[in-house]
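Below is one structure, written out as C-alpha coordinates, with a few remarks after it.
The values are calculated or read from the model by the stated rules, or taken from the named source; none is laboratory data. These numbers were taken from a predicted model, which means no experiment stands behind them. We place every Cβ from the backbone using ideal geometry, glycine too, and count neighbours over all the protein chains shown. SASA here: full protein model, heavy atoms, side chains in, ligands and nucleic acids out. Shrake-Rupley method; radii C 1.70, N 1.55, O 1.52, S 1.80 Å.
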Amino acid sequence: MECRGGEPVRGGRECTTGAAGEPAAGQRRARLLADLRWGLAQPQKSLPSKYFYDTRGSELFERITGLEEYYPTRVETELLRNHAPTWMAALAPATLVELGAGAATKTRILLDALVAVRPSVLYVPVDVAGDFLREVSHALRADYPTLEVRPLVRDISLPFPPDFPLERPALFALLGSTIGNFDPEAAVDLVATVRDAMAPSDRFLLGADLRPGPGKSKEALERAYNDAEGVTAEFNRNILRVFNREAGATFDLEAFEHRAFYDEAKGRIEMHLVARRPTTVEAPGMAPVRIAAGESIRTEISCKYDRRTVTEIFQDAGLSLEAWVEDEAGRYALALAGVSADGDGGPESRS
Ligand code: SAH
Ligand code: AVI
(Lines give C-alpha, C1' and ligand atoms only; values in the text may rest on other atoms or scores of the structure.)
(Ligands and ions follow the chains in the order given, each with its own letter.)
Protein backbone atom coordinates (compact mmCIF):
# COMPACT_ATOMS: atom_id res chain seq x y z
CA MET A 1 0.00 0.00 0.00
CA GLU A 2 1.24 3.49 -0.83
CA CYS A 3 0.66 6.06 1.86
CA ARG A 4 1.02 9.81 1.79
CA GLY A 5 4.61 10.61 1.01
CA GLY A 6 4.66 7.80 -1.53
CA GLU A 7 6.15 5.81 1.24
CA PRO A 8 5.21 2.36 2.45
CA VAL A 9 3.14 2.34 5.60
CA ARG A 10 1.02 -0.51 6.78
CA GLY A 11 -2.19 -0.47 8.70
CA GLY A 12 -3.65 2.98 7.96
CA ARG A 13 -4.28 5.22 10.96
CA GLU A 14 -1.49 5.37 13.51
CA CYS A 15 -2.50 3.84 16.82
CA THR A 16 -1.02 6.11 19.44
CA THR A 17 -0.69 5.14 23.03
CA GLY A 18 2.48 6.70 24.45
CA ALA A 19 3.26 10.18 25.78
CA ALA A 20 2.16 13.08 23.55
CA GLY A 21 0.43 10.57 21.26
CA GLU A 22 3.61 8.63 20.54
CA PRO A 23 3.20 5.09 19.18
CA ALA A 24 4.27 2.42 21.68
CA ALA A 25 7.74 0.94 21.04
CA GLY A 26 6.32 -2.38 19.83
CA GLN A 27 4.06 -0.66 17.33
CA ARG A 28 6.90 1.46 16.02
CA ARG A 29 9.09 -1.64 15.58
CA ALA A 30 6.30 -3.47 13.74
CA ARG A 31 5.82 -0.47 11.47
CA LEU A 32 9.56 -0.18 10.77
CA LEU A 33 9.70 -3.88 9.89
CA ALA A 34 6.65 -3.66 7.62
CA ASP A 35 8.12 -0.61 5.86
CA LEU A 36 11.50 -2.35 5.52
CA ARG A 37 9.98 -5.52 4.02
CA TRP A 38 7.84 -3.49 1.61
CA GLY A 39 10.58 -1.07 0.61
CA LEU A 40 13.18 -3.75 -0.09
CA ALA A 41 10.71 -5.74 -2.19
CA GLN A 42 10.17 -2.87 -4.68
CA PRO A 43 11.96 -2.79 -8.06
CA GLN A 44 13.58 0.48 -6.90
CA LYS A 45 14.32 -0.33 -3.31
CA SER A 46 13.30 2.50 -0.99
CA LEU A 47 12.93 3.43 2.66
CA PRO A 48 10.64 6.17 4.07
CA SER A 49 12.65 9.32 4.78
CA LYS A 50 10.83 9.91 8.07
CA TYR A 51 13.13 7.25 9.55
CA PHE A 52 16.19 9.50 9.25
CA TYR A 53 15.01 11.32 12.33
CA ASP A 54 15.99 9.68 15.56
CA THR A 55 17.83 12.08 17.89
CA ARG A 56 21.13 11.55 16.02
CA GLY A 57 19.40 12.11 12.66
CA SER A 58 17.72 15.26 13.96
CA GLU A 59 21.09 16.55 15.17
CA LEU A 60 22.71 15.70 11.84
CA PHE A 61 19.95 17.58 10.04
CA GLU A 62 20.64 20.57 12.30
CA ARG A 63 24.30 20.40 11.24
CA ILE A 64 23.17 20.32 7.60
CA THR A 65 21.20 23.52 8.13
CA GLY A 66 24.43 25.27 9.13
CA LEU A 67 26.44 24.10 6.09
CA GLU A 68 27.58 26.64 3.54
CA GLU A 69 26.18 24.51 0.71
CA TYR A 70 22.71 24.10 2.28
CA TYR A 71 21.18 27.46 1.36
CA PRO A 72 17.44 26.67 2.11
CA THR A 73 17.67 27.30 5.85
CA ARG A 74 19.63 30.54 5.43
CA VAL A 75 17.26 31.89 2.82
CA GLU A 76 14.13 30.85 4.72
CA THR A 77 15.52 32.48 7.87
CA GLU A 78 16.01 35.72 5.98
CA LEU A 79 12.50 35.60 4.51
CA LEU A 80 10.99 34.93 7.93
CA ARG A 81 12.94 37.81 9.47
CA ASN A 82 11.66 40.14 6.74
CA HIS A 83 8.00 39.08 6.73
CA ALA A 84 7.09 37.44 10.06
CA PRO A 85 6.55 40.72 11.96
CA THR A 86 4.02 41.98 9.37
CA TRP A 87 2.23 38.65 9.06
CA MET A 88 2.08 38.06 12.82
CA ALA A 89 0.78 41.59 13.45
CA ALA A 90 -1.97 41.05 10.86
CA LEU A 91 -2.97 37.52 11.94
CA ALA A 92 -2.17 37.60 15.67
CA PRO A 93 -2.72 33.83 15.89
CA ALA A 94 -3.65 32.39 19.28
CA THR A 95 -2.17 29.01 18.25
CA LEU A 96 0.85 28.06 16.18
CA VAL A 97 0.82 24.44 14.97
CA GLU A 98 4.11 23.46 13.37
CA LEU A 99 4.39 20.28 11.34
CA GLY A 100 7.83 18.65 11.29
CA ALA A 101 9.08 21.19 13.82
CA GLY A 102 12.55 19.66 14.30
CA ALA A 103 14.78 21.93 16.37
CA ALA A 104 12.26 24.79 15.90
CA THR A 105 15.16 27.19 15.37
CA LYS A 106 13.44 29.30 12.71
CA THR A 107 10.20 29.00 14.65
CA ARG A 108 11.75 31.37 17.16
CA ILE A 109 11.55 34.12 14.54
CA LEU A 110 7.80 33.49 14.30
CA LEU A 111 7.45 33.24 18.07
CA ASP A 112 9.39 36.46 18.70
CA ALA A 113 7.12 38.30 16.28
CA LEU A 114 4.06 36.60 17.73
CA VAL A 115 4.64 37.21 21.43
CA ALA A 116 5.27 40.87 20.60
CA VAL A 117 1.63 41.18 19.51
CA ARG A 118 0.05 38.45 21.64
CA PRO A 119 2.04 37.27 24.67
CA SER A 120 -0.10 34.27 25.60
CA VAL A 121 0.08 31.76 22.79
CA LEU A 122 -0.30 27.99 22.35
CA TYR A 123 2.51 26.34 20.38
CA VAL A 124 1.93 22.80 19.10
CA PRO A 125 5.05 21.31 17.51
CA VAL A 126 4.30 18.03 15.70
CA ASP A 127 7.13 15.65 14.84
CA VAL A 128 8.00 11.94 14.64
CA ALA A 129 11.27 12.42 16.54
CA GLY A 130 9.83 12.12 20.07
CA ASP A 131 12.91 12.49 22.30
CA PHE A 132 14.24 15.40 20.27
CA LEU A 133 10.81 17.06 20.28
CA ARG A 134 10.59 16.83 24.06
CA GLU A 135 14.05 18.42 24.48
CA VAL A 136 13.15 21.22 22.08
CA SER A 137 9.83 21.82 23.85
CA HIS A 138 11.60 22.01 27.20
CA ALA A 139 14.03 24.64 25.88
CA LEU A 140 11.20 26.68 24.36
CA ARG A 141 9.25 26.71 27.63
CA ALA A 142 12.33 28.06 29.39
CA ASP A 143 12.94 30.76 26.77
CA TYR A 144 9.29 31.80 26.28
CA PRO A 145 7.65 31.78 29.73
CA THR A 146 4.27 32.98 28.41
CA LEU A 147 4.12 30.27 25.77
CA GLU A 148 2.10 27.09 26.33
CA VAL A 149 3.93 24.28 24.51
CA ARG A 150 2.03 21.05 23.76
CA PRO A 151 4.20 18.75 21.64
CA LEU A 152 2.59 16.00 19.58
CA VAL A 153 4.64 12.98 18.52
CA ARG A 154 2.78 12.13 15.34
CA ASP A 155 3.39 11.01 11.78
CA ILE A 156 2.08 13.84 9.62
CA SER A 157 1.71 11.51 6.64
CA LEU A 158 -1.29 10.10 8.53
CA PRO A 159 -4.22 12.09 9.96
CA PHE A 160 -2.95 13.71 13.16
CA PRO A 161 -5.81 15.55 14.88
CA PRO A 162 -4.74 16.92 18.28
CA ASP A 163 -6.82 15.56 21.14
CA PHE A 164 -7.29 19.08 22.55
CA PRO A 165 -9.03 22.14 21.11
CA LEU A 166 -7.01 24.74 19.21
CA GLU A 167 -7.60 28.37 20.03
CA ARG A 168 -8.41 30.45 16.94
CA PRO A 169 -7.12 32.00 14.87
CA ALA A 170 -4.46 29.35 14.33
CA LEU A 171 -1.41 29.48 12.11
CA PHE A 172 -0.33 26.11 10.69
CA ALA A 173 3.28 26.10 9.52
CA LEU A 174 5.27 23.63 7.44
CA LEU A 175 8.75 25.08 7.10
CA GLY A 176 12.12 23.89 5.82
CA SER A 177 10.63 22.66 2.52
CA THR A 178 9.61 19.45 4.30
CA ILE A 179 6.65 19.42 1.86
CA GLY A 180 9.26 18.44 -0.76
CA ASN A 181 9.80 15.11 0.96
CA PHE A 182 6.26 14.13 -0.08
CA ASP A 183 5.45 13.40 -3.71
CA PRO A 184 2.98 15.90 -5.26
CA GLU A 185 -0.09 13.73 -4.70
CA ALA A 186 0.92 13.06 -1.11
CA ALA A 187 1.68 16.76 -0.62
CA VAL A 188 -1.92 17.56 -1.61
CA ASP A 189 -3.19 14.95 0.87
CA LEU A 190 -1.04 16.43 3.62
CA VAL A 191 -2.15 20.00 2.94
CA ALA A 192 -5.79 18.81 2.69
CA THR A 193 -5.46 17.20 6.13
CA VAL A 194 -4.33 20.55 7.47
CA ARG A 195 -7.08 22.34 5.58
CA ASP A 196 -9.67 20.06 7.23
CA ALA A 197 -8.46 21.32 10.59
CA MET A 198 -8.55 24.98 9.53
CA ALA A 199 -11.19 27.56 10.35
CA PRO A 200 -11.77 30.48 7.94
CA SER A 201 -9.72 32.75 10.21
CA ASP A 202 -6.72 30.37 10.16
CA ARG A 203 -3.74 30.51 7.82
CA PHE A 204 -1.20 28.04 6.47
CA LEU A 205 2.46 29.06 6.08
CA LEU A 206 4.55 26.93 3.76
CA GLY A 207 8.29 27.04 3.02
CA ALA A 208 9.21 25.73 -0.43
CA ASP A 209 12.57 25.18 -2.06
CA LEU A 210 12.42 26.35 -5.68
CA ARG A 211 13.48 24.74 -8.94
CA PRO A 212 16.68 25.81 -10.69
CA GLY A 213 16.31 29.08 -12.61
CA PRO A 214 18.28 32.14 -13.62
CA GLY A 215 19.56 32.75 -10.06
CA LYS A 216 19.93 29.13 -9.02
CA SER A 217 21.94 26.54 -10.92
CA LYS A 218 21.29 22.83 -10.90
CA GLU A 219 24.89 22.47 -9.64
CA ALA A 220 24.23 24.72 -6.63
CA LEU A 221 21.11 22.69 -5.85
CA GLU A 222 23.02 19.41 -6.08
CA ARG A 223 25.83 20.80 -3.90
CA ALA A 224 23.27 21.39 -1.14
CA TYR A 225 22.83 17.59 -0.99
CA ASN A 226 26.51 16.69 -1.52
CA ASP A 227 28.38 18.79 1.02
CA ALA A 228 32.16 18.68 1.16
CA GLU A 229 32.23 17.66 4.84
CA GLY A 230 30.08 14.59 4.24
CA VAL A 231 27.43 15.52 6.82
CA THR A 232 24.60 14.75 4.37
CA ALA A 233 26.21 11.37 3.61
CA GLU A 234 26.26 10.61 7.35
CA PHE A 235 22.64 11.78 7.66
CA ASN A 236 21.75 9.49 4.74
CA ARG A 237 23.44 6.43 6.30
CA ASN A 238 21.73 7.20 9.63
CA ILE A 239 18.55 5.66 8.26
CA LEU A 240 20.31 2.28 8.20
CA ARG A 241 21.40 2.74 11.84
CA VAL A 242 17.78 3.41 12.77
CA PHE A 243 16.62 0.18 11.07
CA ASN A 244 19.47 -1.78 12.69
CA ARG A 245 18.81 -0.46 16.18
CA GLU A 246 15.04 -0.22 16.21
CA ALA A 247 14.00 -3.06 13.91
CA GLY A 248 16.90 -5.51 14.41
CA ALA A 249 18.06 -5.22 10.78
CA THR A 250 21.66 -6.06 9.81
CA PHE A 251 22.61 -3.35 7.31
CA ASP A 252 26.39 -3.07 6.86
CA LEU A 253 26.78 0.73 6.85
CA GLU A 254 30.24 0.53 5.27
CA ALA A 255 28.78 -1.28 2.27
CA PHE A 256 26.80 1.80 1.18
CA GLU A 257 27.78 5.16 -0.24
CA HIS A 258 25.78 8.36 -0.48
CA ARG A 259 24.44 9.58 -3.81
CA ALA A 260 22.19 12.61 -4.44
CA PHE A 261 21.21 14.12 -7.79
CA TYR A 262 18.60 16.41 -9.31
CA ASP A 263 16.12 14.71 -11.65
CA GLU A 264 15.02 17.55 -13.94
CA ALA A 265 12.06 15.67 -15.42
CA LYS A 266 10.60 14.98 -11.98
CA GLY A 267 11.75 18.31 -10.53
CA ARG A 268 13.24 16.65 -7.49
CA ILE A 269 16.42 15.72 -5.70
CA GLU A 270 16.71 11.99 -5.07
CA MET A 271 18.92 10.67 -2.33
CA HIS A 272 20.14 7.07 -2.53
CA LEU A 273 22.42 4.68 -0.70
CA VAL A 274 24.36 2.74 -3.33
CA ALA A 275 25.89 -0.65 -2.52
CA ARG A 276 29.68 -0.51 -3.04
CA ARG A 277 29.78 -4.32 -3.08
CA PRO A 278 27.24 -7.16 -2.88
CA THR A 279 25.67 -7.10 0.55
CA THR A 280 22.85 -8.89 2.35
CA VAL A 281 20.42 -7.53 4.89
CA GLU A 282 18.41 -9.60 7.31
CA ALA A 283 15.65 -8.63 9.72
CA PRO A 284 13.19 -10.52 11.92
CA GLY A 285 10.38 -12.07 9.89
CA MET A 286 12.01 -11.20 6.55
CA ALA A 287 13.85 -13.47 4.12
CA PRO A 288 17.46 -12.23 3.64
CA VAL A 289 17.60 -9.60 0.91
CA ARG A 290 20.65 -9.54 -1.35
CA ILE A 291 21.63 -6.17 -2.75
CA ALA A 292 23.92 -6.24 -5.78
CA ALA A 293 26.97 -4.00 -6.18
CA GLY A 294 25.79 -0.73 -7.73
CA GLU A 295 22.17 -1.32 -6.71
CA SER A 296 20.64 1.48 -4.65
CA ILE A 297 18.06 2.11 -1.97
CA ARG A 298 16.24 5.42 -2.46
CA THR A 299 16.03 7.10 0.92
CA GLU A 300 14.51 10.49 0.10
CA ILE A 301 12.88 12.60 -2.54
CA SER A 302 13.03 16.37 -2.19
CA CYS A 303 10.61 17.93 -4.67
CA LYS A 304 11.30 21.46 -5.86
CA TYR A 305 8.57 23.95 -6.62
CA ASP A 306 7.61 27.16 -8.33
CA ARG A 307 4.73 29.54 -7.69
CA ARG A 308 2.45 27.68 -10.12
CA THR A 309 2.98 24.22 -8.61
CA VAL A 310 2.52 25.50 -5.05
CA THR A 311 -0.66 27.34 -6.10
CA GLU A 312 -1.96 24.11 -7.65
CA ILE A 313 -1.24 22.08 -4.52
CA PHE A 314 -3.11 24.67 -2.45
CA GLN A 315 -6.04 24.72 -4.87
CA ASP A 316 -6.28 20.93 -4.96
CA ALA A 317 -6.27 20.90 -1.15
CA GLY A 318 -8.96 23.61 -0.80
CA LEU A 319 -6.69 26.54 0.04
CA SER A 320 -5.99 29.83 -1.78
CA LEU A 321 -2.62 31.50 -2.02
CA GLU A 322 -2.68 34.90 -0.29
CA ALA A 323 0.99 35.87 -0.21
CA TRP A 324 4.15 34.68 -1.95
CA VAL A 325 7.62 35.97 -1.14
CA GLU A 326 10.94 34.69 -2.46
CA ASP A 327 14.56 35.80 -2.25
CA GLU A 328 16.07 37.87 -5.05
CA ALA A 329 17.85 34.90 -6.59
CA GLY A 330 14.62 32.89 -6.66
CA ARG A 331 16.03 30.05 -4.58
CA TYR A 332 13.36 29.67 -1.91
CA ALA A 333 9.84 30.93 -1.19
CA LEU A 334 7.36 31.36 1.63
CA ALA A 335 3.69 31.03 0.78
CA LEU A 336 0.77 32.03 2.97
CA ALA A 337 -2.66 30.53 2.27
CA GLY A 338 -6.18 30.66 3.64
CA VAL A 339 -9.22 28.43 3.25
CA SER A 340 -10.74 28.80 -0.24
CA ALA A 341 -13.94 30.84 -0.33
CA ASP A 342 -15.67 28.06 -2.30
CA GLY A 343 -14.61 25.40 0.22
CA ASP A 344 -16.86 24.07 2.97
CA GLY A 345 -15.44 26.50 5.49
CA GLY A 346 -13.64 24.12 7.86
CA PRO A 347 -14.48 23.50 11.52
CA GLU A 348 -16.06 26.89 12.30
CA SER A 349 -18.79 26.20 9.74
CA ARG A 350 -19.47 22.69 11.05
CA SER A 351 -21.68 21.92 13.99
N1 SAH B 1 11.11 22.45 10.38
C2 SAH B 1 12.52 22.28 10.65
C3 SAH B 1 12.97 20.80 10.51
C4 SAH B 1 12.91 20.26 9.11
S5 SAH B 1 13.61 18.63 9.06
C6 SAH B 1 13.31 23.17 9.74
O7 SAH B 1 12.71 23.82 8.90
O8 SAH B 1 14.54 23.23 9.87
C9 SAH B 1 12.13 17.69 8.85
C10 SAH B 1 11.44 17.46 10.19
O11 SAH B 1 10.22 16.80 9.92
C12 SAH B 1 12.24 16.56 11.13
O13 SAH B 1 12.22 17.09 12.41
C14 SAH B 1 11.52 15.23 11.06
O15 SAH B 1 11.59 14.49 12.27
C16 SAH B 1 10.10 15.65 10.72
N17 SAH B 1 9.38 14.66 9.94
C18 SAH B 1 9.77 14.07 8.78
N19 SAH B 1 8.81 13.23 8.33
C20 SAH B 1 7.80 13.31 9.24
C21 SAH B 1 6.53 12.68 9.35
N22 SAH B 1 6.11 11.81 8.43
N23 SAH B 1 5.76 13.00 10.41
C24 SAH B 1 6.18 13.89 11.36
N25 SAH B 1 7.37 14.50 11.31
C26 SAH B 1 8.16 14.22 10.26
C1 AVI C 1 13.82 18.15 5.74
N2 AVI C 1 14.01 18.15 4.30
C3 AVI C 1 13.21 19.19 3.65
C4 AVI C 1 15.42 18.19 3.88
C5 AVI C 1 15.50 18.33 2.34
O6 AVI C 1 16.25 19.20 1.90
O7 AVI C 1 14.82 17.60 1.64
C8 AVI C 1 16.14 16.93 4.32
C9 AVI C 1 17.53 16.83 3.78
N10 AVI C 1 17.98 15.82 3.09
C11 AVI C 1 19.23 16.05 2.76
N12 AVI C 1 19.59 17.21 3.20
C13 AVI C 1 18.53 17.74 3.87
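Side notes on the structure shown:
- DSSP-assigned coil residues among trypsin sites (Lys or Arg not before Pro) in segment 260-351, each with at most 11 further Cβ atoms within 10 Å: Arg350
- When the solvent-accessible area of the chain is split by element, carbon and sulfur atoms take up 50 percent of it, the probe being 1.4 Å.
- Derived scalar couplings between HN and Hα for segment 88-103 equal 5, 5, 6, 8, 6, x, 7, 9, 10, 9, 10, 8, x, 5, x, 7 Hz in order, rounded to whole Hz, by the Karplus curve 6.51 cos²θ - 1.76 cosθ + 1.60 (θ = phi - 60°), x for Gly and Pro.
- Length-normalised contact order for the chain - Cα pairs under 8 Å, 6+ apart - percent: 20 percent
- Overall form of segment 55-139 per C-alpha gyration tensor (a/c, 1.5; a/b vs b/c): oblate
- The helix-based estimate of mean residue ellipticity at 222 nm for the chain, built from -39,500 (n - 2.57) per DSSP H run of four or more residues and divided by its residue count, is -11000 deg cm²/dmol to the nearest 500.
- Cα gyration tensor shape of segment 187-245, rounded if a/c is under 1.5, else prolate or oblate by comparing a/b with b/c: oblate
- Fully extended contour minus Cα-Cα distance, from Val117 to Ala293, at 0.36 nm per residue: 57.6 nm
- Neighbour net charge for Leu99 - beta-carbon separation under 11 angstrom, K R +1, D E -1: -2
- For Glu98, the residues whose modelled amide H falls within less than 5 Å of its own, excluding neighbours fewer than 5 places apart on the same chain, are Val124, Val126, Ala173.
- A crude spin-label estimate for the pair Gln315 and Arg63, with each label 7 Å from Cα along the Cβ direction, gives 4.4 nm.
- Pairs from Lys106/Lys266; Lys218/Lys266; Lys216/Lys304; Lys106/Lys218; Lys50/Lys218; Lys45/Lys216 whose Cα-Cα separation, in the structure shown, is over 23 Å: Lys106/Lys266; Lys106/Lys218; Lys50/Lys218; Lys45/Lys216
- If you run the Gaussian network model on the chain, springs between alpha carbon atoms under 10 Å, then out of Arg28, Arg245, Arg37 the most flexible one is Arg245.
- Accessible area per residue for segment 127-279 is 39 Å², calculated with a 1.4 Å probe on protein heavy atoms, without ligands, DNA or RNA.
- Surface listing: Thr105, Thr73 arranged by accessible area from highest to lowest gives Thr105, Thr73, probe 1.4 Å.
- Residue-level accessible surface for Lys218, protein heavy atoms, 1.4 Å, Å²: 70 Å²
- Segment 76-205 shape via C-alpha gyration tensor axes, a/c threshold 1.5: rounded
- Close amide H partners of Ile291, meaning residues 5 or more places away or on another chain with modelled amide H under 5 Å apart, are Thr279, Thr280, Val281.
- Scanning residues 5 or more positions from Phe182 or on other chains, those with amide H under 5 Å from its amide H are Cys303, with H placed 1.01 Å from N in the peptide plane.
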